[in-house]
1. Would you list the strands (runs of 3 or more DSSP E) that sit entirely within the stretch B:12-92 and hold 3 or more residues that are within 14 Å of chain A (Cβ to nearest Cβ)?
2. Is there a residue being under 17 Å from A:A167 (Cα atoms) and within 13 Å of another protein chain (Cβ to nearest Cβ) anywhere in the stretch B:105-114?
3. Go through the stretch A:84-124 and give me each residue that's open to solvent by 70 Å² or more (accessible area, probe 1.4 Å) and free of Cβ contacts under 8 Å to residues at least 12 places away in the same chain.
4. Within 27 Å of A:A176 (Cβ to Cβ), of a type in the set (S, T, N, Q) and open to solvent by 30 Å² or more (accessible area, probe 1.4 Å) - does that describe any residue in the stretch B:9-32?
5. From the list B:D322, B:D282, B:D278, exactly one residue is charged (D, E, K, R), assigned by TED's automatic domain parsing to the domain that holds B:G253, out of contact with any helix residue (DSSP H, G or I) (no Cβ under 7 Å at 6 or more places or on another chain) and free of Cβ contacts under 8 Å to residues at least 40 places away in the same chain. Which is it?
6. Taking the stated definitions as given, is A:D258 charged (D, E, K, R) and either at pLDDT 85 or above or within 30 Å of A:V51 (Cβ to Cβ) (or both)?
7. Among what's in the stretch B:138-189 and is more than 14 Å from every other protein chain (Cβ to nearest Cβ) and within 13 Å of the chain's Cα centre (by Cα), pick the residue that is surrounded by the fewest Cβ atoms within 10 Å (Cβ to Cβ).
8. Do any helices (runs of 4 or more DSSP H) lying entirely in the stretch A:157-231 carry at least 2 residues that are in contact (Cβ under 8 Å) with a residue 12 or more places away in the chain and away from chain B (no Cβ under 14 Å), and which ones are they?
Amino acid sequence: MAKARTFLWRGGVGAVFTVVLLPMLAVMYLSFFDQEVVSFPPDGYTLRWYVNAWEQREFSRGFVNSLQLAVVATVIGVTLGTAAAYALVRARLPARGFVNTLLMGPLAVPGVVLGTALYVMFVQIDDAIDFQIVATLPGLIAAHVLLTVPWTVRLVAASLAGLHPAAEEAAADLGARPWTVFRRVTLPMMRSGVVAGALFSFIQSFENLELTLLLVGPGRSTLPVAMLNYLEFRVDPTLAAVATVQIVMIGALMLITDRFVNLSRVVS
Amino acid sequence: MTNLVIDGLRRTYGATVAVDRVDLEVAQGELVALLGPSGCGKTTTLRMVAGFVQPTAGRVLIGGTDVTQAPPYGRDTAMVFQGYALFPHMTVAENVGFGLEMRKIARPERETRITEALRLVRLDGYAERRISQLSGGQQQRVALARALVVNPGVFLLDEPLSNLDARLRAEVRVEIRALQQRLGLTTLFVTHDQEEALTMADRLVVMDRGRVRQIGSPEELYERPADIFVASFLGRCNILSGVLEAPGSFRAGGLLLPSAGERPRGPAALAVRPERIDIRPDGGCLPGRLTMVTYLGGMTEFHLETPAGPVLVTKPTPAQGDPLRALVAGDTVHLDWHNSFGRLLGIEPEGDLP
């Protein structure tokens, strides 16, 4: 009986992992197929799609654009989000619940809707004060900050909520001024939340398509947009190769991060 | 010379009065314990001294300077917190050195003082350990060292022993007291444990519902409690209610009981400590029937039912052959005590405060 239950449990866990991992493994597998139109079984295996991806100027340019965008949006979003999370948890704000919901808002709105709304707003601002935001890099960064803030607020607030304010009081009692208390005690104690927030923010921004698609300027395509453009004309495993590189990169990023902070502690 | 003066301190939260009209002076080198049940305002008082809570009214003076408006970092206090509140991301030495660093003390001197403080709490050799590698007792000593190392004008302790097991608690109690006396620290100590307060403090402040009930030495409070709250909170006490008919004649349960002290005639309470009562076969002032005899090793407790109400008597466990030894539940005995051990106090209805 107990044995059967263990078996069922393990089988269930295995099934869940399979469902989660299978698409990723399938993409990685596909990227080595030696034929333009994917069919099974493959005719053979090749690395030429990786070579092709490398040779596409749109992809390398898109990669650099995405990287810049994600880094800047993450730095801004994590700074603002950390400050917001600190205020939400520690200060007794009058409209705490409302502010929290507002900050989480972007997570609940579909990217296309958010992108359209922002586009319309940017055009309106353009009309009103003759200041161009549509199709500019600052405009796109501002939009991506909307993606990074909720993740940071969520994760930093979670890591802060578990910390007793007594350590901060002890620091103040020993002569530390408020800014010193924050820098020397609060910030290090919520480090894992901040790092996890930064990681998730980066991933969100880096692989965002819907929002970016509506706000990106000509010649500034990010990697996901470049991939979509490619897909309009050709369907070959090149995209699978690009996706594989992304999966490996993000996986590596998570593993490295996990070595410095215990991610599972914050995320769960 | 650093003394602490608390003058008319009051703190309200909405309609709730947490602390009301607390006046207290702690002399240089004195250890005063704030004692009371939870919610009596003792911790709020301590936090107002440290600067974490702003008083609604009143003043706090440290070494003659009014610090009521000063932030925590602007006060010459150091506090040992209930949960220690150590910095988990720093080593033991970094924790202890934090206050020195904030006081801009140069590194060489800082290191000397850290080493010295760690030796003081018997943690030499632990400087580079992480906090998570220490036991509860060791963490407690780091918290002590961190506060002591800055040589504070006023040393504050917020139930520092409540997270330790009973044996360690008794040990650390003696250590803290010895350190405090050796360093001559002006100390305010918050506890709900009366034994802790009695053994450590020069003077006790018994608080209840935001007010000070009585201030005095442990002996004063135990032997001469001001009211039935203090009498029953500090140690165990039999409180017999009755009527004072004339000076010296207190009647409870229809019997005249030995009493001392001046009070207006009328309803009164008689406080008698359980160890002051004698048990006799006959001829005492109060007959009683034993309901339970509890053997506690060195002491034995006798629970009795009397016409004046239930009474507890504690005696050093009688030797074999002593007639007391033979007493069992159901036996009838007589109780008696010297006049001076029967302390007359007022009867206060619940909720009434002087």
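1. In the stretch B:12-92, B:77-80 are the strands (runs of 3 or more DSSP E) which contain 3 or more residues that are within 14 Å of chain A (Cβ to nearest Cβ).
2. Scanning the stretch B:105-114, I find no residue that is under 17 Å from A:A167 (Cα atoms) and within 13 Å of another protein chain (Cβ to nearest Cβ), so the answer is no.
3. Matches in the stretch A:84-124: A:R92, A:P94, A:R96, A:F98, A:T101, A:L102, A:A108, A:V113, A:V120, A:M121, A:Q124.
4. yes
5. Exactly one residue qualifies, and that residue is B:D322.
6. Against the criterion (charged (D, E, K, R) and either at pLDDT 85 or above or within 30 Å of A:V51 (Cβ to Cβ) (or both)), A:D258 does not qualify.
7. Ranking the qualifying residues of the stretch B:138-189, first place goes to B:R173.
8. A:191-206, A:210-215
The values are calculated or read from the model by the stated rules, or taken from the named source; none is laboratory data. Keep in mind that what you see is a predicted model, and the values were worked out from it rather than measured. No Cβ is skipped: glycine too gets one built from the backbone with ideal geometry, and neighbour counts run over all protein chains shown. Calculation scope for accessible area: heavy atoms of the full protein, side chains included, ligands and nucleic acids excluded. Shrake-Rupley method; radii C 1.70, N 1.55, O 1.52, S 1.80 Å.
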